[in-house]
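Participant: Got a structure for you, written out below as structure tokens; questions coming shortly.
The values are calculated or read from the model by the stated rules, or taken from the named source; none is laboratory data. Everything numeric here is computed off the predicted structure, so don't read it as measured data. Here the Cβ is made from the backbone with ideal geometry for all residues, glycine too, and neighbour counts use every protein chain on show. The accessibility values were calculated without ligands, DNA or RNA, using every heavy atom of the protein model including side chains. Shrake-Rupley method; radii C 1.70, N 1.55, O 1.52, S 1.80 Å.
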Amino acid sequence: MRIVLVQPNYHSGGAEVAGNWSPAWVAYLAGYLKARGFDDIRFIDAMTDDMSEEQLRAALAKEKPDIVGTTANTPAIYKAERVLEIAKEMFPDAVTVLGGIHATFMHHQVLHEAPWTDVIVRGEGEAVFYNLVRAVSEGAWPDSRGQIKGIAFREGEKVTTTQAEPPIRDVDDIVADWSVLDWKKYIYIPMNTPVATPNMARGCPFTCSFCSQWKFWRDYRVRSPKAVVDEIETLYRDHGVGFFILADEEPTINKKAFIAFCEELKSRNLPVLWGINTRVTDILRDEDLLPFYRSAGLVHISLGTEAAAQLNLDLFHKETTVAQNKRAIDLLRANGIVTEAQFIVGLENETAETIEETYRMCDDWNPDMANWSMFTPWPFSDLYREMSDKVEVFDFEKYNFVTPIMKPKAMDRAELLDRVMNNYRRFYMKKALFGYLWVRGDKVRRRYLIGCLKAFLLSAFKRQFYNLGQAGYWGPQSLKKLNFRFDFSRKLEKAPEDIETDTWKAAPKRKQEEIEAGIKAYLDSGDEDTAEGRAAALKACGGTDEQMSEEAMAAAMACGGSKVQMTEHEMAASMKPCTDGHELAEEKREKAPAE
């Protein structure tokens, strides 16, 4: 039985500016299936190969699949649906499967708008997809589909969702097969080397209101540091990978595991460099360890500094201050680590002054790189629930961090884009003339920064950066002709409440109350005193300067399969400086009702 996995051909001019990223989902799925006897797996990378529909048809015709699987985040969903439509047209008897975060939470809408999709895999895919493949192989599909956990499918006009599949407890049991990829395609432009995106953990113990990764993965689980380094050594030895990004939401959450990972990586003396995304508070916590991290090959850290106004930081539930952001960037620079500051712009209360403020802050902090991302209201996030009446665009293809989805009260979308581009022009012009070329004393850092500048200039020259070519942006003179090409015929379907959603991870009531308070403060931001007063009461997603105890980390991993994520208050309590980690357990006993 042949399984064909397809990466849909979606481009946005965002992260792909740095090169072609190897799709990790394929490697982990293929490895899990092959270890269980299903080894006839082919992969078509329509995105990296920029395939037309005719080329995709030709590739599918060559493979003659029994199962066609694809995945999609929100902006790629229409391309993924089209992949399965083509597959079903060509091979009516093939089972068409869709996974990914968008289909997981928007399965009702997806199955109604793409009825050729036979089944949706919800959440973590390996075990669910294996059970589905086994059912097809044994001839039990579709009769037994109601017994397969973690899927959604149509029965006539009715959408059926089965009970959620428990997260895979032992994530070391998932061993990726990176050989399914053609590695000459996946080059990281800054270092001109193959690039991979392995993960060290799945999920997140925190519940940021704008993010849904903690919902998707449900429980937080950490791999053995040795197993992760084994995988990286295989990537280097067998596929020539010279750079990798840990795909975790925040690899430094588990300080003990992260240190062990760095120690193991350093002990093998592998000539690879790598990068991560993390929180400002973790950098401040690990100030004394930064030289060690750099010696293990960590050369690039992207920080979620997020927004200029402290009110916006509170709205997004990140416990960080403007001063902390600057301090973290100074520390990283002093230790030879390239810094990248991330800003979110484009909320309803955005003004020309707030966008300019992000530039002034960025100029003051002096990170090596900066990104201004458009606020994107994921329709399945907690934040969206409170802001839905402000959203006008439901063309999910444009939910890509580079297209202005929200329209600020004080400006139109064209002006918003132009002011963001003005920030980019000034920042990178200054870096090109007075920064990257003049780095002294650290050859690796200098080479890396010049490579990043090359990637940025290349994407700008090709008009791929920020999808500027598609929107028709050529500078301020082109504002009246800008066309974001929104499809306003697309609407958000209101899905009925499902009994099975009770088995999915949810934020606790206290968290929901804080989110609602944050939204109210945001909406009241015209009254500075009121907004600041309410925002000051909000705390972030577990930010702290203490290391988590082992018991606290175990609690965060929800070993009992809890349906409710820990609040940041519980996380903060669990991270108090202690020796045995029993405080949280004691606190829970005190709160428990008497028997």
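Participant: So which of 434, 427 ends up being over 27 Å from residue 391 (Cβ atoms), touching a Cys at 6+ places or on another chain (Cβ under 7 Å) and either at pLDDT below 90 or of a type outside the set (D, E, K, R) (or both)?
Facilitator: Exactly one of 434, 427 is over 27 Å from residue 391 (Cβ atoms), touching a Cys at 6+ places or on another chain (Cβ under 7 Å) and either at pLDDT below 90 or of a type outside the set (D, E, K, R) (or both), namely 427.
Participant: Regarding region 192-208, can at least one residue be identified that is surrounded by fewer than 23 Cβ atoms within 10 Å (Cβ to Cβ), hydroxyl-bearing (Ser, Thr, Tyr) and more than 21 Å from residue 259 (Cα to Cα)?
Facilitator: Yes, because at least one residue in region 192-208 is surrounded by fewer than 23 Cβ atoms within 10 Å (Cβ to Cβ), hydroxyl-bearing (Ser, Thr, Tyr) and more than 21 Å from residue 259 (Cα to Cα).
Participant: Looking only at region 143-156, which residues are touching a residue at least 40 places away in the same chain (Cβ under 8 Å) and either open to solvent by 10 Å² or more (accessible area, probe 1.4 Å) or not aliphatic (A, V, I, L, M) (or both)?
Facilitator: 153, 154
Participant: While we're on this one: Kindly evaluate residue 370 against the criterion of being within 30 Å of residue 298 (Cα to Cα), touching a Pro at 6+ places or on another chain (Cβ under 6 Å), among the aliphatic types (A, V, I, L, M) and surrounded by 20 or more Cβ atoms within 10 Å (Cβ to Cβ).
Facilitator: Values: within 30 Å of residue 298 (Cα to Cα): yes; touching a Pro at 6+ places or on another chain (Cβ under 6 Å): no; among the aliphatic types (A, V, I, L, M): yes; surrounded by 20 or more Cβ atoms within 10 Å (Cβ to Cβ): yes.
When the stated conditions are applied, residue 370 does not pass them.
Per-residue answers, yes or no, for (1) open to solvent by 30 Å² or more (accessible area, probe 1.4 Å); (2) at pLDDT 90 or above; (3) within 30 Å of residue 490 (Cβ to Cβ):
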{"site": "294", "(1), (2), (3)": "yes, yes, no"}
{"site": "337", "(1), (2), (3)": "no, yes, no"}
{"site": "344", "(1), (2), (3)": "no, no, yes"}
{"site": "377", "(1), (2), (3)": "no, no, yes"}
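Participant: Out of all the residues in region 117-142, which are within 22 Å of residue 89 (Cβ to Cβ) and either surrounded by fewer than 17 Cβ atoms within 10 Å (Cβ to Cβ) or small (Gly, Ala, Ser) (or both)?
Facilitator: 142, the sole residue that qualifies.
Participant: Okay, moving on. Quick one: in region 438-481, which of the residues that are of a type in the set (A, V, I, L, M, F, W, C) and open to solvent by less than 30 Å² (accessible area, probe 1.4 Å) is farthest from the chain's Cα centre (by Cα)?
Facilitator: Among those residues, the one meeting the criterion is 439.
Participant: Within region 69-92, can one find any residue that is open to solvent by 40 Å² or more (accessible area, probe 1.4 Å) and among the polar types (S, T, N, Q)?
Facilitator: Yes; the residues of region 69-92 include at least one that is open to solvent by 40 Å² or more (accessible area, probe 1.4 Å) and among the polar types (S, T, N, Q).
Participant: Which of the residues that make up region 41-85 are closer than 21 Å to residue 178 by Cβ, aliphatic (A, V, I, L, M) and not in a strand (DSSP E or B)?
Facilitator: 46, 47, 59
Participant: Go through (1) open to solvent by 10 Å² or more (accessible area, probe 1.4 Å); (2) in a helix (DSSP H, G or I); (3) within 22 Å of residue 484 (Cβ to Cβ) for residue 426 and report which single condition fails.
Facilitator: All conditions pass for residue 426, except number (3).
Participant: Additional query: Taking region 379-396 only, how many residues are at pLDDT 95 or above and in a helix (DSSP H, G or I)?
Facilitator: Residues flagged as at pLDDT 95 or above and in a helix (DSSP H, G or I) within region 379-396 amount to 1.
Participant: While we're here: Hey, can you tell me all the residues within region 217-238 that are touching a residue at least 60 places away in the same chain (Cβ under 8 Å) and open to solvent by less than 20 Å² (accessible area, probe 1.4 Å)?
Facilitator: Passing the criteria: 219, 220, 221.
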